[in-house]
Protein chains: 2
Amino acid sequence: MARISSIGTYHPAKIVDNDFFAAADSSQQGIEKYFTGMKERRHADPIDESGIFMGVRAALDALNKADIDPASIDLIIGCVVPNQHLCPEDLNLVANGAGCKNAVVYPLHSACSSFLSCLNVADAMIASGRINRVMIVNSNHWVGPMADHDSDTFPIAGDGAAATIVENGGDSFLDIEEISCNDEDIFHSMQLKNPLFTGKKEIFKITQIESVDNERLVSKPINVARTLLDRQTLAPDYFIAHQAGVGMLKHWMDILELDESKLRHTFPLYGNMMSTNIPVTMNHYIESGEIKRGDTLLLFSPAAGAHYISILWRY
Amino acid sequence: MARISSIGTYHPAKIVDNDFFAAADSSQQGIEKYFTGMKERRHADPIDESGIFMGVRAALDALNKADIDPASIDLIIGCVVPNQHLCPEDLNLVANGAGCKNAVVYPLHSACSSFLSCLNVADAMIASGRINRVMIVNSNHWVGPMADHDSDTFPIAGDGAAATIVENGGDSFLDIEEISCNDEDIFHSMQLKNPLFTGKKEIFKITQIESVDNERLVSKPINVARTLLDRQTLAPDYFIAHQAGVGMLKHWMDILELDESKLRHTFPLYGNMMSTNIPVTMNHYIESGEIKRGDTLLLFSPAAGAHYISILWRY
């Protein structure tokens, strides 16, 4: 099986504090309590900090930190959101820019849970003996396309990128639980449509649909992590999740019956960076020395779509 | 390891013959000889035959053929091209429409090679013991978005969908060879841009770039299949590839030094359906009785991006 040998990140230079949104209406009917806790977030420069640029910078950071030859990467899996190029995708240019000349590129999009879906695939690909070293790249520059629109979700959105190198040797993967609710209501309640079909630029938005209540949007997804914990004798050292609000993270801790001291997040610093949140948060607490080799991490992400995934991973 | 237990397809009702393109200029400077051999192709109805609709129909066909319970599918991997929904993606609605209520959905996009990338991932995921049954769905409705544009690539484009069920038990996977050329010239020579960034609808097009000659576009990719064959003592029974022209397929046979009697394709019937070509062609010759259980298939696809992949698979 595999282990994570390095995580690199890129954060845009522009820090935006809450005052920027004084005029914005960030209320979510009935669920605003879950979205609180923002202090600042990064906004990528629409010209100089594209999703490709940030992905390359995160990839180079990961390679440099562990002194890994870019040519030794066998596979790059991940996603740039939104893609400037729909077919082929931006991720190919990330591979090129980072000098990963021997890496094949598999773009895999499962919205906010993409990092965990990719970690699952990376571990399985290595376990199958086919490849030795995978780089998962998640790069999100979604604020720019939203900036000229009003959006309830905009204030919590942040830009940034992470690159996670997973390689042969180790037994980090401990367990996984994932489900898809395959539910049209949930699907249409969170949506970025393709302007190729709509004829107009649209933004990712959360639409309050009568049949989709807070229970279904916030509480139900964490059941995958709950199921996983219930069959494990191993208690996790830390809980790291996709972050759309501090209230939501604490609500999940309650359902998991985990002590709040196990929660690690970077929501006040970076907000909701879609699939980039988990590797960025892991990296933050690895760099600070809090997360050490051998610690067990309960990772969890819900995703628009809707995909709920939890992985127990020994770092 | 795994085996393919069922392939289902959906072909739009509307058959379009060459006369339709009497006024169209389908010449590709210097490489027109590779693109010949079209007779007819299918065009999806833009309203009634969306990528989602066709994907569902192909999925139901695959499930029905082998009398497989939709609830037994653990994972749906594949792509709808182009996506009507960018995040989350159309594939989630295919899962929903086909009743695969327990399937998680991993959209994976590597252009024309997506089916083979997915077959690789599906086999590895099953080999890792994590899951038992995967459905690969490839659905392409790219003609519609192109129809109001002039395009050199339009006459060879066809719409359609395929669903391939891969499950535990069997030793079908024999070998793989894949490379990425990670080359900006190749990347930009074949492109569908995101109108979210360009502000205008654009189509997938092949742009003749001076530095990209026929050698690089047509001849170089097949080297992965050549490398694979050179290390195998096993001679394939059939060669099935992504199809963009009969001339190109025959050219590849020459480079592989395979007898033309081993070539199987459906280009005159369906044209270039991107990642859907290989499963559609496999299904066509399985249904006709030519491809039998135990036959070895050399599968190959180049992809815009550029990803070149070849898998030796015992059906």
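The values are calculated or read from the model by the stated rules, or taken from the named source; none is laboratory data. What you see is a predicted model, and the numbers here were worked out from it, not measured in a lab. A quick note on method: Cβ atoms are made from the backbone with ideal geometry, for glycine too, and the neighbour counts reach across all protein chains shown.
What to note about this one:
- Within segment B:36-49, the set of residues being farther than 21 Å from B:Leu269 by Cβ and either buried (at least 21 other Cβ atoms within 10 Å of the Cβ) or of a type in the set (D, E, K, R) (or both) comprises just one member, B:Asp48.
- If you check A:Ser180, A:Ser211, A:Ser189 for being surrounded by fewer than 19 Cβ atoms within 10 Å (Cβ to Cβ) and either modelled with pLDDT of 75 or more or not acidic (Asp, Glu) (or both), only one passes: A:Ser211.
- Look at (1) modelled with pLDDT of 80 or more; (2) under 30 Å from B:Val56 (Cα atoms); (3) part of a helix (DSSP H, G or I) and you find that B:Leu196 fails only one, number (1).
- Matching residues in segment A:206-232 - criterion: being among the aliphatic types (A, V, I, L, M), closer than 18 Å to A:Gly245 by Cα and part of a loop (DSSP other than H, G, I, E, B): A:Ile222
- Here B:Pro221 passes the criteria (1) buried (at least 21 other Cβ atoms within 10 Å of the Cβ); (2) free of Cβ contacts under 8 Å to residues at least 12 places away in the same chain except the one numbered (2).
- Output for segment A:258-277, where each listed residue is under 18 Å from A:Tyr34 (Cα atoms) and in a helix (DSSP H, G or I): A:Glu260, A:Phe267, A:Pro268, A:Leu269, A:Tyr270, A:Met274, A:Asn277
- Only a single item in (1) farther than 24 Å from B:Ser189 by Cβ; (2) part of a helix (DSSP H, G or I) is not met by B:Lys250, and it is number (1).
- Here A:Leu312 meets each of (1) at pLDDT 95 or above; (2) surrounded by 24 or more Cβ atoms within 10 Å (Cβ to Cβ); (3) within 14 Å of chain B (Cβ to nearest Cβ) with one exception, condition (2).
- Among the conditions (1) within 14 Å of chain B (Cβ to nearest Cβ); (2) modelled with pLDDT of 80 or more, the only one that A:Ile206 does not satisfy is (2).
- Residue within segment B:115-126 that is buried (at least 24 other Cβ atoms within 10 Å of the Cβ), more than 22 Å from A:Asn120 (Cα to Cα) and within 11 Å of chain A (Cβ to nearest Cβ) present: no
- B:Ile286 being surrounded by fewer than 22 Cβ atoms within 10 Å (Cβ to Cβ), closer than 20 Å to B:Asn138 by Cβ and over 18 Å from the mean Cα position of the chain (by Cα): no
- Restricting B:Ser6, B:Ser110 to those that are at pLDDT 95 or above, in the same structural domain as B:Val143 (by TED's automatic domain parsing) and of a type outside the set (Lys, Arg) reduces the list to B:Ser6.
- Some residue of segment A:129-149 being of a type outside the set (A, V, I, L, M, F, W, C), crowded, with 22+ Cβ neighbours inside 10 Å and within 9 Å of chain B (Cβ to nearest Cβ): no
Listed here are the residues, each with its yes/no results for (1) in contact with a helix residue (DSSP H, G or I) (Cβ under 9 Å, 6 or more places away or on another chain); (2) more than 25 Å from A:Leu91 (Cα to Cα).
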residue: B:Ala225; (1), (2): yes, no
residue: B:Thr233; (1), (2): no, yes
residue: B:Met253; (1), (2): yes, yes
residue: B:Asp259; (1), (2): yes, yes
residue: B:Thr266; (1), (2): yes, yes
residue: B:Tyr270; (1), (2): yes, yes
residue: B:Met274; (1), (2): yes, no
residue: B:Val280; (1), (2): yes, yes
residue: B:His284; (1), (2): yes, yes
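- Among residues of segment B:67-84 that are in the same structural domain as B:Asn277 (by TED's automatic domain parsing) and touching a residue at least 60 places away in the same chain (Cβ under 8 Å), none has a beta-carbon under 8 Å from a residue that is among the small types (Gly, Ala, Ser) and crowded, with 18+ Cβ neighbours inside 10 Å at least six positions away or on a different chain.
- At least 1 residues being within 22 Å of A:Tyr308 (Cβ to Cβ) is the threshold, and among the strands (runs of 3 or more DSSP E) wholly inside segment B:28-136 those reaching it are B:75-81, B:85-87, B:104-107.
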